[in-house]
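What follows is a single structure, written as structure tokens, with notes after it.
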């Protein structure tokens with residue numbers, strides 16, 4: 001099962017967090033998981049391959065000179081998505097217990113109450129494909145800084161090959177075996193899709209002890225009219241999957257938050 005949710009947090013006191021607060025959300029995520037299932041927490045922490053979740057930074061904060069101000073009584077939120085049902089169920093169990101028992105969580109040195117849990121959407125992999133559409137154009141909104149690692153080097157432009165490969169790698173890692181996308185089909189999608197318009201800018205990303213460069217903004221793509229309906233359906237499925245898997249590198253640390261809009265004739 002694929003799941004996306006938002007956790008709303010109410011600040012118990014005033015305070016401040018660094019702009020690069022993804023490390024704090026990441027730390028909170030693991031502390032909560034450790035309470036309910038230390039085996040899953042340890043597995044996710046140690047696994048070197050693609051991880052089955054994404055996390056945003058803390059949203060709703062005001063930034064000023066490298067810091068995010070937090071005000072008592074104000075509500076903030078972070079988004080989490082899951083590509084494995086067991087991870088979602090364990091996280092939801094513990095965060096829901098904090099909500100109903102009015103227990104505080106700590107981010108940095110600031111206490112928050114879990115004031116709301118919004119289940120955005122759930123899907124099965126099967127729900128994302130099998131509905132052939134005449135997909136001709138689509139637009140990706142890169143909501144948080146995004147980059148890719150290509151042969152160990154940062155890549156900071158969302159060409160269609162790199163974008164679809166990012167989605168394919170995650171899809172084939174977590175989907176049922178009968179839904180794995182053949183590499184040949186994906187190569188045809190790569191070659192049949194191209195960027196036609198973009199409005200992007202780069203940003204420095206604070207990652208605690210180091211910095212990275214990422215891009216934000218929108219990019220529009222077109223599909224070659226000669227691409228078959230079946231391949232358009234596969235491309236559409238991968239793009240719908242972006243809601244859950246994010247785009248590119250370090251999606252567990254706030255990068256690659258993504259929204260896809262379809263333009264169907």
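Here r is the Cβ-Cβ distance between residue 207 and residue 177 and R0 is 41 Å; the resulting FRET efficiency, rounded to 0.05, is 0.70. Here the residues 45, 155, ranked from fewest to most Cβ neighbours within 10 Å of their Cβ, fall in the order 45, 155. The tail of the calculated P(r) for the chain beyond 34 Å holds 20 percent of all Cα-Cα pairs. Mean sequence separation of contacting Cα pairs (under 8 Å, at least six apart), scaled by the length of region 58-104, corresponds to a relative contact order of 26 percent.
Taking a ≥ b ≥ c as the square roots of the eigenvalues of the alpha carbon gyration tensor, region 125-264 is prolate, as a/c is not under 1.5 and a/b beats b/c.
On full extension, the segment bounded by residue 49 and residue 10 gains 10.6 nm, given 0.36 nm per residue less the C-alpha separation. When only C-alpha pairs under 8 Å and at least 6 residues apart count, what is the relative contact order of region 2-123, in percent? The normalised contact order for region 2-123 reaches 48 percent. Relative to the longest principal axis of the Cα atoms of the chain, the long axis of helix 22-36 lies at roughly 80 degrees. When only alpha carbons are used to place a centre, region 1-56 and region 82-113 end up 9 Å from one another. Fewest neighbouring Cβ atoms within 10 Å first, the residues 206, 126 line up as 126, 206. Relative to the longest principal axis of the Cα atoms of the chain, the long axis of helix 229-245 makes an angle of roughly 10 degrees.
Here the contact order of the chain, divided by its residue count and restricted to Cα pairs under 8 Å and six or more residues apart, works out to 28 percent. Percentage of Cα-Cα pair distances in region 2-123 greater than 18 Å, rounded to whole percent? Tail of P(r) above 18 Å: 50 percent of Cα pairs. Using a simple spin-label model with pseudo-atoms 7 Å out from Cα toward Cβ, residue 169 and residue 34 lie 2.8 nm apart.
As I understand it, the value is the acute angle between the Cα axis of helix 160-174 and the longest principal axis of the Cα atoms of the chain; what does it come to in degrees, rounded to 10? Computed tilt is about 70 degrees.
Exposure proxy shown here: for 253, 212, the number of other Cβ atoms within 10 Å sets the order, fewest to most, as 212, 253. Placing dummy labels 7 Å off each Cα toward the beta-carbon, the span from residue 89 to residue 230 is 3.5 nm.
Computed from the coordinates by the stated procedures, all read-outs in this text should not be read as laboratory data. Just so we're clear, the structure is a prediction, and the values are computed from it rather than from any experiment. When we count neighbours, we look across all protein chains shown, and the Cβ atoms used for this are built from the backbone with ideal geometry, even at glycine.
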